[in-house]
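Asker: The following block contains the structure, expressed as structure tokens.
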Amino acid sequence: MNFCSKKDVCKLIKVARFSLAALLLLALAFRSSHVSAAKYQEFQIKAAFLYSFSHFIKWEKSDPLTVLRYCVLREGSVEKALQVLINSKKAFGFDRQYVLLKDLSNLDTCNILFLSNEKDLNLLSKNALEESLLTISDVSSFLDKGGMIELRREKSKIRVHINLELASSHKIKISSKLLNLADIYKAKRSDQ
């Protein structure tokens, strides 16, 4: 029995399942953080990664997580694909919400912040971000500018890069399953 009502929703759900399965299978088969973009468009794979990351993240908040809020500042193709995924299903005992922020005044209600525009990266340095806010971007050098997870296109692959030290300092625990697939970022020291 097929519960999908729209072809695009079904396709994006398959992409989300694909990314989760691909992460685990690739870890076992190749010990690599690559996912092929051959069958899916890049924005769909990135949206599926964003959606799936929550399975590998634990927020150290005092209250149990009942609603997972994915916040964005702009709506591009990745954000729209993510919104479709979020609106299509409930998973792991909590609801997911897609929130388009008008400004940063409600940032404290977010669990994940996806930044897709280089201009928005200045917000990381100019604003004190919430302690348990996971920041993700596909903008080049995002980790150098204070981000936690960067999705990089390398040839025909999307690679995951994680600033584990920063995530840990924000009381965000990342599963070893995801860490084994990712490239761990090492900050450049100014004294070198």
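Asker: For the condition of a type in the set (D, E, K, R), closer than 20 Å to F49 by Cβ and over 14 Å from the mean Cα position of the chain (by Cα), what is the one hit in K119, K102, K155?
Answerer: The unique qualifying residue is K155.
Asker: Additional query: Give me the residue from the range 121-134 that is crowded, with 17+ Cβ neighbours inside 10 Å and outside any loop (DSSP other than H, G, I, E, B) and, out of that set, modelled with the lowest pLDDT.
Answerer: Of everything passing the filter in the range 121-134, L124 is modelled with the lowest pLDDT.
Asker: Quick check: anything in the range 162-174 at pLDDT 95 or above and acidic (D, E)?
Answerer: No, the conditions are met nowhere in the range 162-174.
Asker: Name every residue in the range 71-109 that is in contact with a Leu (Cβ under 6 Å, 6 or more places away or on another chain) and within 16 Å of E131 (Cα to Cα), in order of residue number.
Answerer: Scanning the range 71-109 gives a single hit, C71.
The values are calculated or read from the model by the stated rules, or taken from the named source; none is laboratory data. Everything quoted here is computed from the prediction, not taken from an experiment. All Cβ positions, even for glycine, are placed from backbone atoms using ideal geometry, and neighbour counts span all protein chains on display.
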